[in-house]
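A.B. asks: Quick one: structure below, then a few questions.
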Amino acid sequence: AHLERIAAVDGEIHAFLHVDDETVLAQARAVDERRAAGEELGPLAGVPIAHKDVFTTADMPTTAGSRILEGWRPPYDATVTARLRRAGLVILGKTNMDEFAMGSSTENSAYGPTRNPWDRTRIPGGSSGGSSAAVAAYQAPLSTGTDTGGSIRQPAAVTGIVGMKPTYGGASRYGMIAFASSLDTPGPFARNVLDAALLQEAFSGYDPMDSTSIDKPVPPVVEAARRADVAGMTVGVVKEFGGEGYQPGVLARFNEAVELLESLGAKVVEVSCPNFSYALPAYYLIAPSECSSNLARFDAMRYGLRVGDDGTRSAEEVMALTRAEGFGDEVKRRIMLGTYALSSGYYDAYYGKAQQVRTLIARDFEAAFERVDVLVSPTTPTTAFPIGERADDPMAMYLADLCTIPSNLTGNAAISVPCGLAEAGSGGGDGTTGLPVGLQIMTPVLGDDRAYRVGAAVEK
Ligand code: GLN
């Protein structure tokens, strides 16, 4: 049924980069056989899932949305991929994304944009926009994403679904093509909070193949999603997130969600996190710095594209030609920024300073969590914007992640859950109406269960 749905609507949505019906049906038959052989399979066995094209898959191509990896077939499965298979999930295909996960709209994909199912002239968020659109358009009940600065929560918010960034290190990065290694976090998308918890549980947990993987039990996320109450909890509203730059339609839904939490028995207090204002600039030094180092491996020798290798050119010339043609503008912009920030003599001024800001943000979180159980904010300042609107304005694009980035810099968990639709005329001057708004719930490190508990209460 999901393959039929994909065939019917993906021409319009373009959520998928790769779907192969035969591979899908073979996986489904294999799950049936395992079940028939008496294997104990988990609650998601047989459930189809759309998989972000940043995770390696041994039976499907993996491009990370880049021309430089066109046609590459990885020799191995990412840990997340392997665990989906172990749990009996059936991988429908690979989803579209901003190139190497750099972006907030999926317009930076080398393979063309994905469209928001709510309004096909608008973006589905990014970088995991193929994954959010696939779930919102009922092409898949579940999908995977990665969140380095907001790439799960922001697309979830603007497509009206649930998206969770787990605690950094809670799920393995092995086989997940690296963007900024100290921030990259795999996580789930679903249409409800419990489904997201079941998926997170299926692929999380310690992996010796990832040196930053946490060797502790996975927080009780499924139990928390089932519990779905906020009685006795204290909820902190982050003072710095709101006001100027936020659409009134977003703030109206956010304020209602806060009132709802109060009516359900939570104590609501205002909390100031003064250093959160520096999260965006710090991120745009750290993420490009790490990306400039990680993307050095795309050297035309090891994977995918190779340009100009006609026997007359040096290896260096072939590398330069391949990288010039294989990388898109945003990726090049970040490599240049990052290389500059890491240059000898500039460390103290840029990268070192950004790392200090990171510590200050962690202290803001620590101080806040002495008083409250969770922090809340709108997930995004605006609803889904029109395709093309911010394509030539990187600064405007970067603002989409204003509220999500602090949790990446510190490794904290955070979820986005739908909290209604912006009303007609309230979405910011362009007639935006009826578009989804997301509520972000932030927790301490390894407090993932709290996000699910509060998120499920709001959903109910
Ligand atoms: N939009 C942010 C960026 O472009 C975050 C992307 C992400 O989380 N992968 O870097």
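A.B. asks: Using alpha-carbon positions, what is the distance between the centroids of region 21-60 and region 232-297, in Å?
C.D. replies: Their Cα centres are 36 Å away from one another.
A.B. asks: Related question: Under 19 Å Cα-Cα from residue 216, which lysines qualify once same-chain neighbours fewer than 8 residues away are excluded?
C.D. replies: List returned: 165.
A.B. asks: Kindly provide the pair-distance distribution of region 2-225 built from C-alpha pairs, with 5 Å bins from 0 and whole-percent values in order of increasing distance.
C.D. replies: 1, 8, 16, 21, 22, 17, 9, 4, 1, 0
A.B. asks: Of the DSSP beta bridges with both residues in the chain, give the percent that are antiparallel, rounding to the nearest 5.
C.D. replies: In the chain, DSSP labels about 65 percent of beta bridges as antiparallel.
A.B. asks: DSSP loop trypsin sites (Lys or Arg not before Pro) in region 286-344 with at most 13 other Cβ atoms within 10 Å of their Cβ, which ones?
C.D. replies: 302
A.B. asks: At 0.36 nm per residue, and after removing the present C-alpha to C-alpha distance, how many nm does the segment from residue 344 to residue 4 gain when stretched out fully?
C.D. replies: Full extension from residue 344 to residue 4 adds 116.9 nm.
A.B. asks: Let me have the relative contact order for region 2-225, percent, based on Cα pairs under 8 Å that are six or more residues apart.
C.D. replies: 19
A.B. asks: Here is a further query. Would you kindly state how much longer the chain becomes between residue 259 and residue 299 on full extension, computed as 0.36 nm times their sequence separation minus their alpha carbon distance, in nm to one decimal?
C.D. replies: This chain segment gains 9.1 nm when fully extended.
A.B. asks: Would you mind classifying region 313-414 by shape? Square roots of the alpha carbon gyration tensor eigenvalues, ordered a ≥ b ≥ c; an a/c under 1.5 is rounded, otherwise it is prolate if a/b is larger than b/c and oblate if not.
C.D. replies: It is oblate, given that a/c is not under 1.5 and a/b is not larger than b/c.
A.B. asks: Would you be so kind as to identify which of 224, 44, 192 lies farthest towards the positive end of the dipole of the chain, taking Lys and Arg as +1 and Asp and Glu as -1 on Cβ and the Cα centre as origin?
C.D. replies: Among 224, 44, 192, the one farthest towards the positive end of the dipole of the chain is 224.
A.B. asks: Please work out how much length the chain gains when fully extended from residue 244 to residue 226, using 0.36 nm per residue of separation minus the C-alpha to C-alpha distance, in nm with one decimal.
C.D. replies: 2.8 nm
A.B. asks: I need the GluC sites (Glu not before Pro) found in region 169-260, filtered to DSSP loop residues with at most 16 other beta carbons within 10 Å of theirs.
C.D. replies: When the GluC sites (Glu not before Pro) of region 169-260 are filtered for loop state and at most 16 Cβ neighbours within 10 Å, 244 remain.
A.B. asks: What GluC sites (Glu not before Pro) in region 18-70 are in a loop by DSSP, with at most 16 other Cβ atoms within 10 Å of the Cβ?
C.D. replies: Taking region 18-70 and a limit of 16 other Cβ atoms within 10 Å, the loop GluC sites (Glu not before Pro) found are 39, 40, 70.
A.B. asks: At residue 30 and residue 310, where each label point lies 7 Å from the Cα along Cα→Cβ, what is the point-to-point distance in nanometres?
C.D. replies: Reported label-point gap for residue 30 and residue 310 is 4.3 nm.
All of the numbers you see were taken from the coordinates with simple rules; none came from a lab. Everything numeric in this text was worked out from a predicted model, so none of it was measured. In this analysis, Cβ positions are derived from the backbone assuming ideal geometry, glycine residues included, and neighbour counts consider all displayed protein chains.
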